[in-house]
Amino acid sequence: MNGSVIVIDIRLKTIFEEASKLFINNGYARAQINHIASACGISVGAIYMLFTGKKAIFDFVLKCVIDNDYIESNFTLPIGEDRFSTLDNEILKLCKNNNLSIEKNLQNDSYRFENMLSDSFDIISHYGISFLIFQKNGTDCGVLYDYYVNFRKLFCNDIAKYVNNFMKKGEIRELEYPEYHARLIIETLSWWGMHVKYDAFETNANISREVSKKVALDALLHAYSV
């Protein structure tokens, strides 16, 4: 099977899901191949028929997060680290370009507080796995962790700018400490957008993304309404 080409293997999706949880909750260093195999319900040998090692699985997980269609690709097995030689640059580019369009939207009167909450939730939930992996594995992620930290700072700054703008426009109520409310908004969206599914103490993966978003936005819209 080494070097063969397949259309898709359902085990890759299972490995993506289970390895993600292990990298988040156990950490990359502690998550071993046999742990991933056990969580997936397959043998260690089967893992090595699909991937050359743990680093290849780690890179595969991150690649699937930033590219939704990647997991549906045709793969030459086993998947090795060399397949992800451009991954760092791809993630850096994503961190630079995936923003809240702050300058454009501040000039757009039709862009409302609810729009900002919705867009922010979508970013957090879409990339939540990678965000949590970076948070829990700073040392092992190397430069990727630095990219994430910088992205998070810019993201927080954008939310703070939006909060101040919507407050001045009278769309949300007056806040004594708007910068702290910006952080509260981020933490609320983060809880419902990623933590509740992947690493909350009472993790409930059965809560759909749509329900999580509805609950988060409903709470925040009511909390800040005039």
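A few points about this structure:
- Residues that are outside any helix (DSSP H, G or I) and surrounded by fewer than 17 Cβ atoms within 10 Å (Cβ to Cβ), drawn from the range 30-39: 30, 32
- Cβ pairs under 9 Å, 6+ apart, first in the range 156-167 and farther than 12 Å from residue 111 by Cβ and free of Cβ contacts under 8 Å to residues at least 12 places away in the same chain, second among the basic types (Lys, Arg) and outside any helix (DSSP H, G or I): 167/173
- Residues satisfying the stated conditions in the range 184-215, i.e. among the small types (Gly, Ala, Ser) and over 14 Å from residue 159 (Cβ atoms): 200, 205, 208, 212
- Of the residues making up the range 192-214, those that are surrounded by fewer than 16 Cβ atoms within 10 Å (Cβ to Cβ) and without any contact (Cβ under 8 Å) to a residue 40 or more places away in the chain are 200, 201, 202, 203, 204, 205, 206, 207, 208, 210, 211, 214.
- Failed item, numbered, when residue 100 is tested on (1) assigned to a loop (DSSP other than H, G, I, E, B); (2) over 23 Å from residue 217 (Cβ atoms); (3) not basic (Lys, Arg): (2)
- Filtered residues of the range 164-183 (kept if assigned to a helix (DSSP H, G or I) and either out of contact with any strand residue (DSSP E or B) (no Cβ under 7 Å at 6 or more places or on another chain) or over 11 Å from residue 116 (Cβ atoms) (or both)): 164, 165, 167, 168, 178, 179, 180, 181, 182, 183
- For the residues 47, 42, 71, 15, the requirement of being touching a strand residue (DSSP E or B) at 6+ places or on another chain (Cβ under 9 Å), crowded, with 16+ Cβ neighbours inside 10 Å, at negative phi and of a type in the set (Val, Ile, Thr) singles out 15.
- Candidates 22, 50, 87, 106 - the one that is touching a His at 6+ places or on another chain (Cβ under 7 Å) and either over 20 Å from residue 125 (Cα atoms) or modelled with pLDDT of 95 or more (or both): 22
- Taking the range 59-93 as the range and being in contact (Cβ under 8 Å) with a residue 40 or more places away in the chain, touching a Phe, Trp or Tyr at 6+ places or on another chain (Cβ under 8 Å) and among the aromatic types (Phe, Trp, Tyr) as the test, only 60 passes.
The values are calculated or read from the model by the stated rules, or taken from the named source; none is laboratory data. Computed from a predicted model, the values in this text were never measured in an experiment. Here Cβ is always computed from backbone atoms with ideal geometry, including for glycine, and neighbour counts include all displayed protein chains.
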